[in-house]
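Everything below concerns the one structure shown next.
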Amino acid sequence: MTAFLHHLALGAPLFALILVGYLLMRFAQWPQAMAQHLTTFVFSVGLPALLFRMMSDLSTLPPVDGRLLVAFFGGCLLVFLLGRLIAWKLFGLDGIGQSVFGVGCIFSNNIMLGLPLARASLGDPAIPSVALVLLFNALILWTLVSLSVEWHRHGSLSFKGFRDTLKGVLRNPIILAILAGTAFGLTGASLPDMLDTPLKMLGQTGMPLALVALGMSLAEYDLKAEWKVSLAIVIPKLLILPLIVFGLARLLGLPALETQVIVLLASIGQGANVFLMARQFRAVEGGMAGALIISTASSALTTPLLLALTSSGRI
């Protein structure tokens, strides 16, 4: 109980910032353009500055056990297949709907929520592990759903789809910041103060504004549209995925820090990109919108609980 309350207290201020953003849009009636502009700043400036600065100091950070990618994405693949089965058996969705449903069960909001939570709960030593997952997250999961949809449509895999996904990932400011920061960090050099200080100041705005922007974005979506579908997505996302990831981490003998990082990233609320994916493929839109809100709100309790249980070895 003490560990749970500790993690709950660490995460509470972050979820309070999400609530602030949500209330600004719902009750203060801020224009939707505000959320869009703030999100653009966070993704293009605030968080890239933070990640570049931290990864540029790579030589002072603890090494990362790369097997965490096997545990994290191995768990994602298993739950994706489970999600497809649920979508088929319970809701009678076609191959495209199953693919979108399945990715909704595994795609976490690792940038806007996972990164701030990991830093608050586990400290700066957790950042390289988070960055490694971020580096592969969009590429692997977007490729997974794209190939799944292509297979349903054409009965074959599309190289063009993979190429377009890869190009999109490499243009992402977050990914570019991680790669550039890591490259600089490997040189062993230090950033000059005239560059380090403004990057630090910008980076300090990135996390809190990311959470406010997340809350503002959540205000767009409807919770009631397809609540049964939403719950069927949220339960695998918040409970089954982190438990499977934890089990794989134990099987691989991952160190405690890497294990806690990937359990945290697996257990947090769903990423808004999944709703955009649902819109793109015109499948499960209402259910995905509800899942986005429910999973984000519920993870305020489930993530501290899972962190407490995994850190104590009770599961």
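When Ser148 is tested against (1) at pLDDT 75 or above; (2) crowded, with 18+ Cβ neighbours inside 10 Å; (3) of a type outside the set (A, V, I, L, M, F, W, C); (4) more than 21 Å from Gly11 (Cβ to Cβ), only condition (1) is not met. Touching a residue at least 24 places away in the same chain (Cβ under 8 Å), part of a helix (DSSP H, G or I) and not hydroxyl-bearing (Ser, Thr, Tyr), is that true of Ile262? Yes.
Leu252 meets all of the listed conditions (1) surrounded by fewer than 17 Cβ atoms within 10 Å (Cβ to Cβ); (2) out of contact with any helix residue (DSSP H, G or I) (no Cβ under 7 Å at 6 or more places or on another chain) but one, namely (2). Of the residues examined, Leu17 is not one that is in contact (Cβ under 8 Å) with a residue 12 or more places away in the chain, surrounded by 15 or more Cβ atoms within 10 Å (Cβ to Cβ) and more than 29 Å from Gly181 (Cβ to Cβ).
Restricted to the stretch 47-99, and to residues there that are at pLDDT 85 or above, of a type in the set (Gly, Ala, Ser) and closer than 30 Å to Pro255 by Cα, the residue that is surrounded by the fewest Cβ atoms within 10 Å (Cβ to Cβ) is Gly66. Within the stretch 157-195, the set of residues being at pLDDT 85 or above, loosely packed, with under 15 Cβ neighbours inside 10 Å and closer than 18 Å to Val45 by Cα comprises Met194, Leu195. Just to be sure before I move on: is Ala289 over 29 Å from Phe52 (Cβ atoms), modelled with pLDDT of 80 or more and either of a type outside the set (Val, Ile, Thr) or part of a loop (DSSP other than H, G, I, E, B) (or both) in the structure I sent? Considered against the rule, which asks whether it is over 29 Å from Phe52 (Cβ atoms), modelled with pLDDT of 80 or more and either of a type outside the set (Val, Ile, Thr) or part of a loop (DSSP other than H, G, I, E, B) (or both), Ala289 comes out as yes. Per the listing Glu220, Glu226, the residue uniquely surrounded by fewer than 22 Cβ atoms within 10 Å (Cβ to Cβ), within 14 Å of Ile294 (Cβ to Cβ) and either of a type in the set (Asp, Glu) or in contact with a strand residue (DSSP E or B) (Cβ under 6 Å, 6 or more places away or on another chain) (or both) is Glu226. For the stretch 228-245, the condition of being among the small types (Gly, Ala, Ser), touching a helix residue (DSSP H, G or I) at 6+ places or on another chain (Cβ under 9 Å), over 20 Å from Pro13 (Cα atoms) and not in a helix (DSSP H, G or I) holds for none of the residues.
Here is a list of conditions, (1) in contact with a helix residue (DSSP H, G or I) (Cβ under 8 Å, 6 or more places away or on another chain); (2) surrounded by fewer than 17 Cβ atoms within 10 Å (Cβ to Cβ); (3) modelled with pLDDT of 85 or more; (4) farther than 27 Å from Leu211 by Cβ, and Ser44 meets all of them except one; can you say which number that is? The failed condition is (4). Just to be sure, is Ser129 closer than 25 Å to Ile174 by Cα, among the polar types (S, T, N, Q), at pLDDT 85 or above and crowded, with 19+ Cβ neighbours inside 10 Å? Judged against the criteria, Ser129 is a match.
With the structure loaded, tell me whether Leu231 is in contact (Cβ under 8 Å) with a residue 12 or more places away in the chain, within 20 Å of the chain's Cα centre (by Cα) and closer than 14 Å to Phe72 by Cβ or whether it fails that test. When the stated conditions are applied, Leu231 does not pass them.
Could you list, in sequence order, all residues of the stretch 196-216 that are surrounded by 12 or more Cβ atoms within 10 Å (Cβ to Cβ) and of a type in the set (A, V, I, L, M, F, W, C)? Passing the criteria: Leu199, Leu202, Met207, Leu209, Ala210, Leu211, Val212, Ala213, Leu214, Met216.
The values are calculated or read from the model by the stated rules, or taken from the named source; none is laboratory data. In this text the structure is predicted, and so the values were computed from the model without any measurement. A quick note on method: Cβ atoms are made from the backbone with ideal geometry, for glycine too, and the neighbour counts reach across all protein chains shown.
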